[in-house]
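The values are calculated or read from the model by the stated rules, or taken from the named source; none is laboratory data. Computed from a prediction, not measured in an experiment: that's the story for all the values here. Every residue, glycine as well, gets a Cβ built from its backbone with ideal geometry; the counts of neighbours run over all protein chains shown.
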Amino acid sequence: MTNKESTSAANVPGMQRVRQAARRIMARCDELARCTDCAGEITRLFCSPAMESAHDLLRGWMQEAGLGCRMDAAGNFRGRHEPPSAGGEAARPLGVLLIGSHLDSVVNAGRYDGPLGVLLGLAVAELAAEAQARLPFALEVVGFCEEEGVRYQAPFFGSRALAGEGAGELLERVDAHGVTLADALRRFGGDPDRLADCACGDEEIVAYLEPHIEQGPVLEQHGVPLGIVTGAVGQTRASLQFVGRAGHAGTVPMCARRDALAGAAQFVLELEALARATDGLVATVGHLEMAPNVANVIPAAARLRIDLRHADDATRQSATSQAMLRAATIARERGLDFEVLWLEETGRVDFDGTCVDLLERSVVEAGWQPHKLASGAGHDAMVMAKRYPSAMLFLRCAGGTSHHPDECVSESDVCAALDVLWRFVEHLARRRVARGVPPVGSSS
Ligand code: HGY
Ligand code: MN
Ligand code: MN
């Protein structure tokens with residue numbers, strides 16, 4: 001579906017500028033994709049050398065655009081645009097609009113999950129700077145440090161710090177090399193003792209806006225480039241450990257075995273059956289370790305991580321309890337020890353109604369068919385929405401593919417998204433002024 005002539009008189013920057021900016025965003029996604037901890041694929045972990053390279057690139061782009069940039073105590077990279085006042089010099093505006101997403105990735109990731117949102121935020125700030133737009137709020141571009149939770153199973157660590165939630169026991173979690181999260185953060189230049197400084201203090205957060213690829217097939221199936229996200233489903237993540245007894249693969253009779261992997265495997269298939277039988281539930285075991293992991297030794301230990309999601313929190317929690325009961329029963333029947341470590345629980349989130357409406361209006365004015373949908377994927381916006389008005393704009397991604405090198409968006413959809421984001425900023429600004437929050441520097 002192509003967009004009809006834009007129907008609004010909105011003061012959007014010329015579409016030529018927006019198209020140029022979209023082209024630059026695509027090129028920058030390619031540059032960021034080269035910031036990887038694993039040659040030949042895209043893997044960018046929390047506080048890693050690849051993340052440092054990504055910060056270096058962002059710092060250059062932000063400084064070029066005149067943004068003041070910094071890394072905060074949690075390792076989030078942030079760039080701030082102060083709108084000019086009537087006199088032209090930057091004045092302290094009233095409140096700040098945050099636009100961004102995450103910079104970390106899963107293992108062997110695609111190049112758009114996270115960075116596209118950060119770079120769209122940067123492009124909005126660049127358009128505002130070029131247009132000398134006298135907005136009634138500052139713009140802050142945020143590149144969150146740890147949304148996926150790959151290195152420490154601590155998803156949303158960066159957005160939790162910005163939302164003032166702190167970190168608690170997460171700081172003592174260790175990675176595969178025995179390095180604590182706190183030490184990794186210190187070595188990276190962050191400060192685990194000052195996470196409270198990441199929050200925005202007494203400054204008003206006008207809203208948090210996260211542009212992101214859909215990571216699903218819905219927009220493509222409906223033939224629309226953009227989706228207005230109404231909310232995100234809740235999720236539970238946990239680590240389960242089954243412990244049996246190692247033994248000789250050739251001499252221990254089957255009836256005498258306490259095979260940890262066989263117990264874990266039975267659990268995995270029962271978890272899958274539970275999800276297939278529960279409408280709207282998705283359950284995944286994406287991580288499995290076993291010891292001693294030798295072909296001719298009966299597995300003594302098997303540790304797996306589960307991820308359960310559902311739009312309704314009570315259904316998700318009930319399914320989680322059922323799954324834990326089955327795991328304990330399987331362990332008992334097989335003479336295994338069993339323990340669970342809870343890693344993460346985030347409830348379902350509904351995004352801010354006003355922001356959703358302004359996004360929908362912006363999509364229509366830009367000439368696109370509005371399509372609303374909930375997110376099956378987790379996002380930093382879920383954390384931010386607990387404290388601030390938050391919303392997400394989804395971009396169509398080919399085949400719905402994500403968390404995979406084949407992840408792909410089109411430049412024209414990125415152009416459509418940037419056009420809509422700018423219109424959203426204008427609507428938000430007009431709304432603020434109408435409510436008596438004057439543009440920066442105006443006599444009031
Ligand atoms: O797992 C998720 O939903 C997100 O990609 N972190
Ligand atoms: Mn992801
Ligand atoms: Mn993401």
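Some observations on this one:
- Check on residue 393, in the same structural domain as residue 96 (by TED's automatic domain parsing), more than 16 Å from ligand 3 (Cβ to nearest atom), buried (at least 19 other Cβ atoms within 10 Å of the Cβ) and under 21 Å from residue 232 (Cα atoms): no
- Taking the criterion of being closer than 30 Å to residue 351 by Cα, crowded, with 20+ Cβ neighbours inside 10 Å and among the small types (Gly, Ala, Ser), the only residue of the range 278-314 that qualifies is 283.
- Applying a threshold of 9 Å to beta carbon distances and a minimum spacing of six or more residues, or different chains, the list of pairs starting in the range 388-407 at a residue that is more than 22 Å from residue 370 (Cα to Cα) and ending at one that is more than 15 Å from ligand 1 (Cβ to nearest atom) and of a type in the set (Val, Ile, Thr) reads 388/205; 388/206.
- The set of residues from the range 104-142 being more than 16 Å from ligand 3 (Cβ to nearest atom) and part of a loop (DSSP other than H, G, I, E, B) comprises 131, 132, 133, 134, 135, 136, 137.
- Restricting the range 71-84 to residues that are at pLDDT below 95 and touching a Lys or Arg at 6+ places or on another chain (Cβ under 7 Å) leaves a set whose member that is surrounded by the most Cβ atoms within 10 Å (Cβ to Cβ) is 83.
- Qualifying residue in the range 150-158 (condition: assigned to a helix (DSSP H, G or I), within 16 Å of ligand 3 (Cβ to nearest atom) and either surrounded by fewer than 23 Cβ atoms within 10 Å (Cβ to Cβ) or modelled with pLDDT of 95 or more (or both)): yes
- Of the residues 53, 101, the single one that is in a helix (DSSP H, G or I) and of a type in the set (S, T, N, Q) is 53.
- Residue that is surrounded by the most Cβ atoms within 10 Å (Cβ to Cβ) [pool: residues in the range 11-41 that are in a helix (DSSP H, G or I), without any contact (Cβ under 8 Å) to a residue 60 or more places away in the chain and under 23 Å from the mean Cα position of the chain (by Cα)]: 31
- Residues of the range 217-231 that are among the small types (Gly, Ala, Ser) and either farther than 19 Å from residue 419 by Cα or touching a Ser or Thr at 6+ places or on another chain (Cβ under 7 Å) (or both): 231 alone.
- Qualifying residues in the range 371-387 (those that are of a type outside the set (A, V, I, L, M, F, W, C) and assigned to a loop (DSSP other than H, G, I, E, B)) - the one nearest to ligand 1 (Cβ to nearest atom): 378
- Subset tally (residues that are surrounded by fewer than 22 Cβ atoms within 10 Å (Cβ to Cβ) and either within 16 Å of ligand 2 (Cβ to nearest atom) or within 18 Å of residue 380 (Cβ to Cβ) (or both)) for the range 198-214: 3
- So residue 403, is it surrounded by fewer than 23 Cβ atoms within 10 Å (Cβ to Cβ), within 16 Å of ligand 2 (Cβ to nearest atom) and not basic (Lys, Arg): yes
- None of 381, 398 is in the same structural domain as residue 85 (by TED's automatic domain parsing), closer than 19 Å to residue 207 by Cα, modelled with pLDDT of 95 or more and among the small types (Gly, Ala, Ser) except 381.
- Some residue of the range 111-125 being in contact (Cβ under 8 Å) with a residue 24 or more places away in the chain, within 16 Å of ligand 1 (Cβ to nearest atom) and more than 24 Å from residue 233 (Cβ to Cβ): yes
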